[in-house]
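Notes to accompany the following structure.
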Amino acid sequence: MLASAFVIFRQFVDDDLGCASYLIGDENEGRAVVVDPAYAIEQYLEEAEHRQVKLIHVLETHTHADHLSGHGRLALDHGCTVHIHPAGEPEYPHEPLDDGSVVEVGAVCLRTIHTPGHRPEHCCFAVIDRSRGDEPWLVLTGDSLFVGDAARPDLAVEAREGAEGLFHSLRRLAELADGVEVFPGHVAGSLCGAGMSTKASSTIGFERRFNSAMQIQDEVEFVDRSSGDSHLRPPNMERIVELNRGTFVGAPEPFERITGSDSLTIVDVRNADDFAAGHVHGAINVPVSGSSFATRTAFVVSPDERIAIHASSREEAERAARGLRSVALLGLSGYVLDPPADERLSPLDVDELDELLAAGTVDVIDVREKDERDRGYIAGSRHIPFRLLRAVGDTVESGDKQIVTICESGMRASIAASVLAAQGVDARPVLHGGVPTWEARGGHTVEFRRCGT
């Protein structure tokens, strides 16, 4: 069913985190709601101004663990009422949601479907255009049903308990009509699921037919499969949950250009080649132009640190700041554009690595995750995921050999080398290539098959 012309529906996707949020409203009534808002609320304010509507409600499908919500900013600065299921134990003023409860904005009705599994408080929202009928035209599935996958059940409760709840929640969603459109809370790139599609939406009928999580009819089989997978947990997760559950988080600190950065952690967000050519002593290189910038930074920088961003332009610095705030790295003291940059790295390519390996003069550290390494790694290389190097980097020893970091494409190798260099370890990253490049050029790799796979 198509919505009426006056119904507003807009999806916002954060490609870096793989998160989706929504603005829904009634243009005739001049009112709208935001579902699962990001901390960067400017995008919703701009859309509301463009549509000439007032934002009056915020609906949270659940307490998010991978990104900081913008519900506090919308409540404090724009008077929005926040709605969430009480099982989330929110410590902020809110209107409680329950199964079947309704939030209305003119002719648009959002009906709550309590769908525990990912978290006990999780809810989906069936969106109804009452000017056309009483049946939903779409459903916002949050972190329950994704396009091509289902949510992970292990972030809030024991995995099997979460999987049991998720099984029954998916069955409830399967009762909706085939034509009901599915708009999830995440797309590919999020750590809240493993097999998500890059598509931003689907339908109940398509997912019922092609999504393997919807096809499993036996609860025990579903629980065994869903709870048996091992995936990375989002970085900074406990802090993000605490902030999203606690008192409202307001607007960010002013973010301006600064001159001194001696006592700060420098996050250099320029590309890896520029970083290698010259950077501030002790800086950590996480290029904002790369994928998963915010998540990767949160793996190597503590939320307690005061941060200065080294960028090539103000625009690049502001883009990086938005990303860091999204994962609750809020201690941003400002940015620098042209600080003294007399430290260097010496990158290499896979051809030079081949020569150095043949000479026996390098110690290769594979900084990928274990599932990537299992598919093929360079014989004799050590395995330390990049996200762990800041904790153990000062214990990395190589004797008289040169340390080389390598990943799939070069991005994480640069992060890893910068982390080691900041701790006084001389490391060279393989840039513009990685283990797959090595293998494609005839290099020998070793596979590792774990028990049960």
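The values are calculated or read from the model by the stated rules, or taken from the named source; none is laboratory data. The model shown is predicted, which means the values in this text are computed figures rather than measured ones. Every residue, glycine as well, gets a Cβ built from its backbone with ideal geometry; the counts of neighbours run over all protein chains shown. We work out accessible area using only protein heavy atoms, side chains counted, and drop any ligands, DNA or RNA first. Shrake-Rupley method; radii C 1.70, N 1.55, O 1.52, S 1.80 Å.
When you check P37 against the structure, is it free of Cβ contacts under 8 Å to residues at least 40 places away in the same chain and surrounded by fewer than 22 Cβ atoms within 10 Å (Cβ to Cβ), yes or no? So P37 does not fit the description; no. Contact annotation: no residue pair with Cβ atoms under 9 Å, 6 or more positions apart or on different chains, pairs a residue in the range 304-325 that is farther than 20 Å from G260 by Cβ and modelled with pLDDT under 95 with a partner that is open to solvent by less than 40 Å² (accessible area, probe 1.4 Å) and part of a strand (DSSP E or B).
Listed by position, the helices (runs of 4 or more DSSP H) inside the range 203-282 whose residues that are under 29 Å from H310 (Cβ atoms) and open to solvent by less than 80 Å² (accessible area, probe 1.4 Å) number at least 2 are 237-245, 272-277. For the range 183-193, the condition of being modelled with pLDDT of 95 or more and of a type in the set (A, V, I, L, M) holds for none of the residues.
Residues that are open to solvent by 30 Å² or more (accessible area, probe 1.4 Å) and touching a residue at least 40 places away in the same chain (Cβ under 8 Å) within the range 375-423 comprise R375, Y377, A379, R387, R390, K401, Q402, E408, M411, A421, A422, listed in sequence order.
Flag set for T361, criterion: without any contact (Cβ under 8 Å) to a residue 60 or more places away in the chain and over 29 Å from S312 (Cα atoms).
Here's the yes/no breakdown for (1) among the β-branched types (V, I, T); (2) under 18 Å from S414 (Cβ atoms); (3) out of contact with any helix residue (DSSP H, G or I) (no Cβ under 6 Å at 6 or more places or on another chain):
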{"site": "R296", "(1), (2), (3)": "no, yes, yes"}
{"site": "R306", "(1), (2), (3)": "no, no, yes"}
{"site": "S313", "(1), (2), (3)": "no, no, yes"}
{"site": "A321", "(1), (2), (3)": "no, no, yes"}
{"site": "V327", "(1), (2), (3)": "yes, no, no"}
{"site": "V350", "(1), (2), (3)": "yes, yes, no"}
{"site": "I365", "(1), (2), (3)": "yes, yes, yes"}
{"site": "G380", "(1), (2), (3)": "no, no, yes"}
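For the range 139-150, the count of residues that are over 21 Å from R245 (Cα atoms) and surrounded by fewer than 19 Cβ atoms within 10 Å (Cβ to Cβ) is zero.
A single member of R73, R119 is under 15 Å from P37 (Cβ atoms) and open to solvent by 10 Å² or more (accessible area, probe 1.4 Å), and it is R73. Within the range 429-445, being of a type outside the set (S, T, Y), farther than 14 Å from G290 by Cβ and open to solvent by less than 40 Å² (accessible area, probe 1.4 Å) holds for V430, G433, V435, W438, G443.
Note on the range 320-339: residues that are of a type in the set (A, V, I, L, M, F, W, C), open to solvent by 10 Å² or more (accessible area, probe 1.4 Å) and in a strand (DSSP E or B) amount to 0.
Open to solvent by less than 40 Å² (accessible area, probe 1.4 Å), touching a strand residue (DSSP E or B) at 6+ places or on another chain (Cβ under 9 Å) and more than 17 Å from V350 (Cβ to Cβ): does that describe F448? Taking the combined requirement at face value, the residue does not satisfy it. The single condition among (1) buried (at least 18 other Cβ atoms within 10 Å of the Cβ); (2) modelled with pLDDT of 95 or more that V350 does not satisfy is (2).
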